[in-house]
Amino acid sequence: MARRRERRVPPISERQKDPFETATRVHRTGDSAYDRKLVTSFILLCIVVIPAVSVLFYYVKNSPHAKHTVSQENHRGIIKTDVTYQEILTENTKVSENSSHRHYTYPILAYITPWNLKGYEMAKRFNNKFTHLSPVWYDLKSQGNSLVLEGRHNADRGWISALRKSGEALVLPRVVLEAFPKELLRKKKLRDKAIDLILTECQEMEYDGIVLESWSRWAAYGVLHDPDMRIMALEFIKQLGHALHSVPSVRNSKQQHLQLVYVIGPPHSEKLQAHDFGPHDLQSLSAAVDGFSLMTYDFSGPHKPGPNAPLQWIRLTLQFLLGIRNSAAKSVARKIFLGINFYGNDFLLSEGEDGGGGAITGRDYLNLLEKHRPAIQWESNSGEHYFVYSDDNHDKHAVFYPSLMSVSMRLDEARQWGIGISIWEIGQGLDYFFDLL
(Lines give C-alpha, C1' and ligand atoms only; values in the text may rest on other atoms or scores of the structure.)
Protein backbone atom coordinates (compact mmCIF):
# COMPACT_ATOMS: atom_id res chain seq x y z
CA MET A 1 0.00 0.00 0.00
CA ALA A 2 1.07 3.56 -0.61
CA ARG A 3 1.78 5.99 2.19
CA ARG A 4 -0.07 9.25 1.92
CA ARG A 5 1.38 12.57 2.94
CA GLU A 6 1.17 13.24 6.66
CA ARG A 7 -1.28 16.13 6.70
CA ARG A 8 -2.34 17.40 10.11
CA VAL A 9 -5.16 19.59 8.97
CA PRO A 10 -8.82 19.59 9.98
CA PRO A 11 -10.63 16.44 8.79
CA ILE A 12 -12.80 16.49 5.71
CA SER A 13 -15.94 16.59 7.82
CA GLU A 14 -14.84 19.97 9.21
CA ARG A 15 -13.59 21.52 6.02
CA GLN A 16 -16.87 20.84 4.21
CA LYS A 17 -19.09 22.93 6.47
CA ASP A 18 -21.48 25.24 4.62
CA PRO A 19 -20.28 24.18 1.16
CA PHE A 20 -21.93 24.64 -2.18
CA GLU A 21 -22.33 21.00 -3.12
CA THR A 22 -22.39 19.67 -6.66
CA ALA A 23 -23.64 16.11 -6.90
CA THR A 24 -22.63 14.07 -9.92
CA ARG A 25 -24.00 10.76 -11.07
CA VAL A 26 -22.28 8.05 -13.01
CA HIS A 27 -24.53 6.35 -15.53
CA ARG A 28 -23.87 2.63 -15.33
CA THR A 29 -25.53 -0.29 -17.02
CA GLY A 30 -25.85 -3.84 -15.81
CA ASP A 31 -25.47 -2.96 -12.11
CA SER A 32 -27.81 -3.90 -9.32
CA ALA A 33 -29.75 -1.26 -7.41
CA TYR A 34 -27.40 -1.87 -4.51
CA ASP A 35 -24.37 -1.19 -6.67
CA ARG A 36 -25.92 1.99 -8.00
CA LYS A 37 -26.65 3.10 -4.45
CA LEU A 38 -23.04 2.51 -3.46
CA VAL A 39 -21.72 4.32 -6.51
CA THR A 40 -24.02 7.26 -5.88
CA SER A 41 -22.94 7.37 -2.23
CA PHE A 42 -19.30 8.02 -3.08
CA ILE A 43 -19.86 9.99 -6.24
CA LEU A 44 -21.56 12.79 -4.29
CA LEU A 45 -18.07 14.10 -4.28
CA CYS A 46 -17.42 17.46 -5.89
CA ILE A 47 -17.85 19.61 -2.79
CA VAL A 48 -17.06 23.07 -4.11
CA VAL A 49 -15.68 25.34 -1.41
CA ILE A 50 -16.69 28.64 -3.00
CA PRO A 51 -20.32 29.82 -2.82
CA ALA A 52 -22.46 29.47 -5.91
CA VAL A 53 -22.21 33.13 -6.89
CA SER A 54 -18.43 32.99 -6.75
CA VAL A 55 -18.41 29.83 -8.84
CA LEU A 56 -20.54 31.48 -11.52
CA PHE A 57 -18.37 34.61 -11.45
CA TYR A 58 -15.29 32.45 -11.75
CA TYR A 59 -16.42 30.60 -14.82
CA VAL A 60 -17.99 33.52 -16.65
CA LYS A 61 -15.51 36.28 -15.99
CA ASN A 62 -12.33 35.31 -14.21
CA SER A 63 -11.45 31.90 -15.59
CA PRO A 64 -8.00 31.82 -17.20
CA HIS A 65 -9.30 29.53 -19.89
CA ALA A 66 -12.51 29.19 -21.84
CA LYS A 67 -12.34 25.45 -22.24
CA HIS A 68 -10.09 22.56 -21.42
CA THR A 69 -7.79 21.05 -23.99
CA VAL A 70 -6.01 17.74 -23.68
CA SER A 71 -2.27 17.38 -24.29
CA GLN A 72 -1.48 17.22 -27.99
CA GLU A 73 0.66 14.13 -27.52
CA ASN A 74 -1.92 11.35 -27.60
CA HIS A 75 0.47 8.64 -26.46
CA ARG A 76 -0.41 5.94 -28.97
CA GLY A 77 -4.08 6.87 -28.86
CA ILE A 78 -4.67 5.87 -25.25
CA ILE A 79 -5.06 9.28 -23.62
CA LYS A 80 -8.82 8.94 -23.53
CA THR A 81 -11.78 8.63 -21.21
CA ASP A 82 -12.88 5.18 -22.41
CA VAL A 83 -9.67 3.39 -21.51
CA THR A 84 -9.88 -0.32 -20.64
CA TYR A 85 -8.06 -2.33 -18.02
CA GLN A 86 -6.45 -4.38 -20.81
CA GLU A 87 -4.93 -1.24 -22.35
CA ILE A 88 -3.53 -0.12 -19.01
CA LEU A 89 -1.98 -3.51 -18.31
CA THR A 90 -0.49 -3.66 -21.81
CA GLU A 91 0.75 -0.10 -22.18
CA ASN A 92 1.81 1.11 -18.71
CA THR A 93 5.47 0.05 -19.03
CA LYS A 94 5.95 1.42 -22.55
CA VAL A 95 7.78 4.73 -22.49
CA SER A 96 9.58 6.83 -25.06
CA GLU A 97 13.21 5.97 -25.75
CA ASN A 98 13.97 9.67 -25.37
CA SER A 99 13.55 9.87 -21.61
CA SER A 100 15.09 13.35 -21.35
CA HIS A 101 12.75 15.31 -23.65
CA ARG A 102 10.45 17.64 -21.69
CA HIS A 103 6.87 18.20 -22.83
CA TYR A 104 6.01 20.28 -19.76
CA THR A 105 8.23 23.35 -19.90
CA TYR A 106 7.39 24.87 -16.50
CA PRO A 107 9.23 23.70 -13.36
CA ILE A 108 8.61 20.18 -12.08
CA LEU A 109 9.26 19.23 -8.45
CA ALA A 110 9.29 15.50 -7.76
CA TYR A 111 9.11 13.96 -4.28
CA ILE A 112 10.95 10.73 -3.48
CA THR A 113 10.33 8.69 -0.32
CA PRO A 114 12.73 6.29 1.45
CA TRP A 115 9.96 3.71 1.86
CA ASN A 116 9.42 3.47 -1.91
CA LEU A 117 12.68 2.63 -3.65
CA LYS A 118 11.15 2.88 -7.11
CA GLY A 119 11.16 6.66 -6.70
CA TYR A 120 14.97 6.71 -6.59
CA GLU A 121 15.05 4.68 -9.81
CA MET A 122 12.53 6.95 -11.56
CA ALA A 123 14.46 10.06 -10.52
CA LYS A 124 17.60 8.74 -12.22
CA ARG A 125 15.80 7.35 -15.24
CA PHE A 126 13.87 10.57 -15.98
CA ASN A 127 16.34 12.97 -14.40
CA ASN A 128 16.14 15.59 -17.14
CA LYS A 129 12.36 15.82 -16.86
CA PHE A 130 12.68 17.44 -13.42
CA THR A 131 13.90 20.83 -12.26
CA HIS A 132 13.68 20.03 -8.54
CA LEU A 133 13.98 16.72 -6.67
CA SER A 134 12.93 16.47 -3.03
CA PRO A 135 13.84 13.29 -1.16
CA VAL A 136 11.79 13.00 2.03
CA TRP A 137 14.65 12.67 4.49
CA TYR A 138 14.60 15.08 7.44
CA ASP A 139 12.67 16.01 10.57
CA LEU A 140 13.60 18.92 12.82
CA LYS A 141 12.54 18.04 16.37
CA SER A 142 12.63 19.40 19.89
CA GLN A 143 15.22 17.76 22.14
CA GLY A 144 15.09 18.97 25.70
CA ASN A 145 15.73 22.70 25.60
CA SER A 146 17.27 22.53 22.16
CA LEU A 147 16.64 21.14 18.68
CA VAL A 148 17.95 18.27 16.59
CA LEU A 149 17.82 17.67 12.83
CA GLU A 150 17.23 13.97 12.22
CA GLY A 151 17.49 12.15 8.91
CA ARG A 152 21.02 12.20 7.58
CA HIS A 153 20.99 8.41 7.76
CA ASN A 154 18.40 8.54 4.95
CA ALA A 155 20.62 10.64 2.70
CA ASP A 156 22.15 8.81 -0.26
CA ARG A 157 25.25 10.61 -1.50
CA GLY A 158 25.82 8.07 -4.27
CA TRP A 159 22.33 8.66 -5.65
CA ILE A 160 22.83 12.44 -5.56
CA SER A 161 26.17 12.10 -7.33
CA ALA A 162 24.62 9.95 -10.06
CA LEU A 163 21.84 12.50 -10.55
CA ARG A 164 24.26 15.38 -10.94
CA LYS A 165 26.36 13.56 -13.50
CA SER A 166 23.39 13.17 -15.83
CA GLY A 167 21.13 16.16 -15.16
CA GLU A 168 20.68 19.64 -13.75
CA ALA A 169 17.82 19.06 -11.31
CA LEU A 170 18.22 20.80 -7.96
CA VAL A 171 18.24 18.52 -4.91
CA LEU A 172 16.18 20.01 -2.07
CA PRO A 173 15.45 17.47 0.68
CA ARG A 174 12.19 17.90 2.54
CA VAL A 175 12.46 19.01 6.16
CA VAL A 176 9.39 18.58 8.36
CA LEU A 177 9.33 21.00 11.29
CA GLU A 178 8.21 18.80 14.18
CA ALA A 179 9.59 21.01 16.96
CA PHE A 180 7.10 22.37 19.49
CA PRO A 181 5.96 25.54 17.71
CA LYS A 182 5.17 27.72 20.74
CA GLU A 183 8.71 27.35 22.03
CA LEU A 184 10.36 27.59 18.63
CA LEU A 185 8.50 30.66 17.42
CA ARG A 186 8.71 32.60 20.68
CA LYS A 187 12.39 32.05 21.42
CA LYS A 188 14.94 33.75 19.19
CA LYS A 189 17.64 31.32 20.35
CA LEU A 190 15.63 28.33 19.06
CA ARG A 191 14.72 30.06 15.80
CA ASP A 192 18.38 30.82 15.16
CA LYS A 193 19.31 27.26 16.10
CA ALA A 194 16.78 25.79 13.66
CA ILE A 195 18.08 27.93 10.82
CA ASP A 196 21.69 27.13 11.68
CA LEU A 197 20.98 23.38 11.65
CA ILE A 198 19.36 23.62 8.23
CA LEU A 199 22.07 25.81 6.72
CA THR A 200 24.85 23.62 8.08
CA GLU A 201 23.23 20.48 6.68
CA CYS A 202 22.77 22.07 3.26
CA GLN A 203 26.43 23.15 3.16
CA GLU A 204 27.91 19.90 4.46
CA MET A 205 25.77 17.74 2.15
CA GLU A 206 25.98 20.19 -0.77
CA TYR A 207 22.22 20.45 -1.19
CA ASP A 208 20.64 23.17 -3.31
CA GLY A 209 18.28 24.19 -0.51
CA ILE A 210 15.30 22.56 1.18
CA VAL A 211 11.57 21.99 0.95
CA LEU A 212 10.07 22.99 4.29
CA GLU A 213 6.82 21.58 5.65
CA SER A 214 5.57 23.26 8.80
CA TRP A 215 2.19 24.92 8.22
CA SER A 216 0.15 21.73 8.70
CA ARG A 217 2.07 20.99 11.91
CA TRP A 218 1.45 24.46 13.26
CA ALA A 219 -2.23 24.12 12.37
CA ALA A 220 -2.38 20.81 14.26
CA TYR A 221 -0.90 22.45 17.35
CA GLY A 222 -3.46 25.27 17.13
CA VAL A 223 -0.87 28.06 17.21
CA LEU A 224 -2.15 29.70 14.00
CA HIS A 225 -5.35 30.77 15.78
CA ASP A 226 -3.27 33.19 17.84
CA PRO A 227 -2.72 36.33 15.68
CA ASP A 228 0.63 37.06 17.31
CA MET A 229 1.86 33.49 16.87
CA ARG A 230 0.70 33.54 13.26
CA ILE A 231 2.80 36.62 12.59
CA MET A 232 5.78 34.93 14.27
CA ALA A 233 5.26 31.88 12.05
CA LEU A 234 5.36 33.95 8.87
CA GLU A 235 8.39 35.87 10.12
CA PHE A 236 10.26 32.63 10.82
CA ILE A 237 9.70 31.44 7.25
CA LYS A 238 10.95 34.79 5.95
CA GLN A 239 13.99 34.63 8.21
CA LEU A 240 14.82 31.12 6.98
CA GLY A 241 14.34 32.11 3.34
CA HIS A 242 16.60 35.14 3.62
CA ALA A 243 19.22 33.06 5.45
CA LEU A 244 19.23 30.46 2.67
CA HIS A 245 19.45 33.17 0.05
CA SER A 246 22.54 34.56 1.76
CA VAL A 247 24.45 31.30 1.23
CA PRO A 248 26.02 30.71 -2.20
CA SER A 249 25.32 27.38 -3.83
CA VAL A 250 28.41 25.18 -3.63
CA ARG A 251 27.87 23.32 -6.85
CA ASN A 252 25.42 25.39 -8.92
CA SER A 253 26.86 28.67 -10.19
CA LYS A 254 23.72 29.45 -12.21
CA GLN A 255 21.51 29.35 -9.13
CA GLN A 256 23.71 31.67 -7.04
CA HIS A 257 22.07 30.85 -3.68
CA LEU A 258 20.28 28.11 -1.77
CA GLN A 259 16.54 27.83 -2.35
CA LEU A 260 13.50 27.50 -0.10
CA VAL A 261 10.34 25.79 -1.31
CA TYR A 262 7.47 25.96 1.18
CA VAL A 263 4.67 23.39 1.42
CA ILE A 264 1.14 24.80 1.61
CA GLY A 265 -2.31 23.24 1.69
CA PRO A 266 -5.34 24.47 -0.25
CA PRO A 267 -7.74 26.85 1.53
CA HIS A 268 -10.76 25.00 2.89
CA SER A 269 -13.35 27.64 2.06
CA GLU A 270 -13.70 31.11 0.60
CA LYS A 271 -13.99 32.44 4.14
CA LEU A 272 -10.51 31.70 5.43
CA GLN A 273 -10.13 30.06 8.80
CA ALA A 274 -7.24 30.99 11.05
CA HIS A 275 -5.25 27.87 10.14
CA ASP A 276 -5.65 28.33 6.38
CA PHE A 277 -2.81 29.54 4.20
CA GLY A 278 -4.40 32.24 2.08
CA PRO A 279 -3.57 34.67 -0.73
CA HIS A 280 -2.25 37.33 1.65
CA ASP A 281 0.17 34.80 3.15
CA LEU A 282 1.29 33.92 -0.36
CA GLN A 283 2.03 37.55 -1.15
CA SER A 284 3.70 38.10 2.22
CA LEU A 285 6.20 35.28 1.72
CA SER A 286 6.79 35.61 -2.01
CA ALA A 287 10.02 37.61 -1.67
CA ALA A 288 11.57 35.13 0.77
CA VAL A 289 10.35 31.87 -0.78
CA ASP A 290 11.45 30.47 -4.15
CA GLY A 291 8.47 28.16 -4.59
CA PHE A 292 5.24 26.98 -2.99
CA SER A 293 4.40 23.27 -3.14
CA LEU A 294 0.60 23.30 -3.19
CA MET A 295 -0.97 20.06 -1.93
CA THR A 296 -3.96 19.84 -4.26
CA TYR A 297 -4.74 16.20 -3.48
CA ASP A 298 -6.21 14.15 -0.62
CA PHE A 299 -9.59 15.78 -1.29
CA SER A 300 -11.39 12.59 -0.24
CA GLY A 301 -10.80 10.03 2.49
CA PRO A 302 -12.07 6.69 3.81
CA HIS A 303 -14.99 8.35 5.64
CA LYS A 304 -16.02 10.29 2.54
CA PRO A 305 -14.84 8.33 -0.50
CA GLY A 306 -14.38 10.08 -3.80
CA PRO A 307 -11.79 11.46 -6.20
CA ASN A 308 -8.27 12.31 -5.12
CA ALA A 309 -8.20 15.80 -6.62
CA PRO A 310 -11.34 17.00 -8.47
CA LEU A 311 -10.32 19.23 -11.35
CA GLN A 312 -12.98 21.82 -10.53
CA TRP A 313 -11.65 22.06 -6.98
CA ILE A 314 -8.10 22.55 -8.31
CA ARG A 315 -9.29 25.38 -10.56
CA LEU A 316 -11.13 27.13 -7.77
CA THR A 317 -8.16 26.76 -5.43
CA LEU A 318 -5.85 28.43 -7.95
CA GLN A 319 -8.42 31.13 -8.64
CA PHE A 320 -8.79 31.84 -4.94
CA LEU A 321 -5.06 31.93 -4.21
CA LEU A 322 -3.96 33.83 -7.32
CA GLY A 323 -7.03 35.90 -8.20
CA ILE A 324 -7.37 37.67 -11.53
CA ARG A 325 -4.39 37.28 -13.79
CA ASN A 326 -2.33 40.48 -13.67
CA SER A 327 1.33 41.31 -13.28
CA ALA A 328 1.24 40.87 -9.50
CA ALA A 329 -0.57 37.52 -9.76
CA LYS A 330 1.82 36.28 -12.43
CA SER A 331 4.86 37.07 -10.32
CA VAL A 332 3.51 34.81 -7.56
CA ALA A 333 2.02 32.23 -9.93
CA ARG A 334 5.41 31.38 -11.37
CA LYS A 335 6.42 30.18 -7.90
CA ILE A 336 3.51 27.74 -7.52
CA PHE A 337 4.08 24.00 -7.86
CA LEU A 338 0.60 22.53 -8.38
CA GLY A 339 0.32 19.21 -6.56
CA ILE A 340 -0.43 16.14 -8.68
CA ASN A 341 -0.83 12.75 -7.02
CA PHE A 342 0.76 9.68 -8.56
CA TYR A 343 -0.90 7.46 -5.94
CA GLY A 344 -4.52 6.36 -5.76
CA ASN A 345 -7.07 5.22 -3.20
CA ASP A 346 -8.96 1.98 -2.66
CA PHE A 347 -12.04 2.83 -0.59
CA LEU A 348 -14.36 0.37 1.16
CA LEU A 349 -18.00 1.12 0.32
CA SER A 350 -20.02 -1.61 1.97
CA GLU A 351 -23.05 -0.54 3.98
CA GLY A 352 -22.59 -0.54 7.71
CA GLU A 353 -18.86 0.15 7.44
CA ASP A 354 -17.54 3.37 8.96
CA GLY A 355 -15.01 4.02 6.23
CA GLY A 356 -12.05 1.94 5.28
CA GLY A 357 -9.31 1.42 2.75
CA GLY A 358 -6.48 3.75 1.90
CA ALA A 359 -3.77 4.79 -0.50
CA ILE A 360 -2.40 2.46 -3.19
CA THR A 361 0.62 2.54 -5.49
CA GLY A 362 0.79 1.77 -9.18
CA ARG A 363 1.80 -1.80 -8.38
CA ASP A 364 -1.27 -2.25 -6.17
CA TYR A 365 -3.45 -0.78 -8.90
CA LEU A 366 -2.12 -3.14 -11.59
CA ASN A 367 -2.65 -6.13 -9.28
CA LEU A 368 -6.29 -5.08 -8.80
CA LEU A 369 -6.78 -4.75 -12.56
CA GLU A 370 -5.33 -8.20 -13.18
CA LYS A 371 -7.45 -9.82 -10.47
CA HIS A 372 -10.82 -8.12 -11.03
CA ARG A 373 -10.73 -7.07 -14.71
CA PRO A 374 -13.05 -4.15 -13.99
CA ALA A 375 -14.88 -1.75 -16.25
CA ILE A 376 -13.01 1.54 -15.90
CA GLN A 377 -15.40 4.47 -15.49
CA TRP A 378 -14.80 8.15 -16.25
CA GLU A 379 -16.20 10.78 -13.87
CA SER A 380 -16.33 13.98 -15.92
CA ASN A 381 -16.92 16.51 -13.12
CA SER A 382 -13.83 15.47 -11.20
CA GLY A 383 -11.84 14.51 -14.28
CA GLU A 384 -10.79 11.13 -12.84
CA HIS A 385 -11.11 7.46 -13.69
CA TYR A 386 -12.35 4.92 -11.14
CA PHE A 387 -13.77 1.43 -10.91
CA VAL A 388 -15.82 -0.62 -8.45
CA TYR A 389 -15.08 -4.20 -7.43
CA SER A 390 -16.07 -6.77 -4.79
CA ASP A 391 -13.37 -8.34 -2.62
CA ASP A 392 -13.19 -11.93 -1.41
CA ASN A 393 -15.59 -11.07 1.43
CA HIS A 394 -18.08 -9.62 -1.09
CA ASP A 395 -17.48 -6.10 0.21
CA LYS A 396 -17.68 -3.33 -2.36
CA HIS A 397 -14.68 -1.09 -3.08
CA ALA A 398 -14.18 2.02 -5.20
CA VAL A 399 -10.73 2.63 -6.63
CA PHE A 400 -9.58 6.04 -7.80
CA TYR A 401 -6.17 6.08 -9.44
CA PRO A 402 -4.55 8.53 -11.90
CA SER A 403 -4.74 7.85 -15.62
CA LEU A 404 -3.04 9.31 -18.66
CA MET A 405 -6.16 11.41 -19.22
CA SER A 406 -6.42 12.72 -15.66
CA VAL A 407 -2.71 13.56 -15.44
CA SER A 408 -2.78 15.20 -18.87
CA MET A 409 -5.75 17.38 -17.89
CA ARG A 410 -4.01 18.58 -14.74
CA LEU A 411 -0.83 19.35 -16.65
CA ASP A 412 -2.88 21.33 -19.12
CA GLU A 413 -4.58 23.21 -16.28
CA ALA A 414 -1.23 24.12 -14.76
CA ARG A 415 0.17 25.08 -18.16
CA GLN A 416 -2.63 27.57 -18.74
CA TRP A 417 -1.87 29.22 -15.41
CA GLY A 418 1.85 29.31 -16.21
CA ILE A 419 2.78 27.40 -13.05
CA GLY A 420 4.96 24.46 -12.13
CA ILE A 421 3.85 21.10 -10.76
CA SER A 422 4.87 18.96 -7.80
CA ILE A 423 4.37 15.19 -7.85
CA TRP A 424 3.66 13.11 -4.75
CA GLU A 425 5.40 10.89 -5.35
CA ILE A 426 7.18 9.54 -8.40
CA GLY A 427 7.70 6.01 -7.07
CA GLN A 428 3.95 5.45 -6.83
CA GLY A 429 3.03 6.18 -10.45
CA LEU A 430 2.94 4.13 -13.64
CA ASP A 431 5.92 4.35 -15.96
CA TYR A 432 4.07 5.87 -18.89
CA PHE A 433 2.98 8.88 -16.81
CA PHE A 434 6.53 10.20 -17.27
CA ASP A 435 6.05 10.48 -21.03
CA LEU A 436 3.60 13.32 -20.32
CA LEU A 437 6.15 15.39 -18.39
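What to note about this one:
- Residue within segment 253-261 that is more than 19 Å from L147 (Cβ to Cβ), touching an Asp or Glu at 6+ places or on another chain (Cβ under 6 Å) and of a type in the set (S, T, N, Q) present: yes
- Selected residue [at pLDDT below 95 and of a type outside the set (D, E, K, R)] from S403, S350, S382, S408: S350
- Subset of segment 94-122 (residues that are open to solvent by less than 70 Å² (accessible area, probe 1.4 Å) and within 21 Å of I336 (Cα to Cα)): R102, Y104, P107, I108, L109, A110, Y111, I112
- Candidates K330, K304, K271, filtered to the one that is closer than 30 Å to A398 by Cβ, out of contact with any Cys (no Cβ under 8 Å at 6 or more places or on another chain), of a type outside the set (D, E) and open to solvent by 30 Å² or more (accessible area, probe 1.4 Å): K304
- Of all residues in segment 144-153, those satisfying the criterion of being outside any helix (DSSP H, G or I) and touching a strand residue (DSSP E or B) at 6+ places or on another chain (Cβ under 9 Å) are L147, V148, L149, E150, G151.
- When residues of segment 177-232 are limited to those that are within 16 Å of F277 (Cβ to Cβ) and among the hydroxyl-bearing types (S, T, Y), the one surrounded by the fewest Cβ atoms within 10 Å (Cβ to Cβ): Y221
- Some residue of segment 155-165 being farther than 20 Å from F130 by Cα, in a loop (DSSP other than H, G, I, E, B) and among the small types (G, A, S): no
- No other residue among A233, A194, A219 is within 22 Å of G291 (Cα to Cα) and over 25 Å from the mean Cα position of the chain (by Cα) apart from A194.
- Number of the condition not met by D156 [criteria: (1) in contact with a strand residue (DSSP E or B) (Cβ under 8 Å, 6 or more places away or on another chain); (2) open to solvent by less than 60 Å² (accessible area, probe 1.4 Å); (3) over 20 Å from L294 (Cα atoms)]: (2)
- Criterion: more than 16 Å from I419 (Cα to Cα), within 19 Å of the chain's Cα centre (by Cα) and touching a residue at least 40 places away in the same chain (Cβ under 8 Å) - qualifying residue of G291, G278: G278
The values are calculated or read from the model by the stated rules, or taken from the named source; none is laboratory data. Please read these numbers as outputs of a predicted model, since none were measured by experiment. Note that we place each Cβ from the backbone using ideal geometry, even for glycine, and neighbour counts take in every protein chain shown. These area figures cover heavy atoms from the full protein model, side chains too; ligands, DNA and RNA do not enter into them. Shrake-Rupley method; radii C 1.70, N 1.55, O 1.52, S 1.80 Å.
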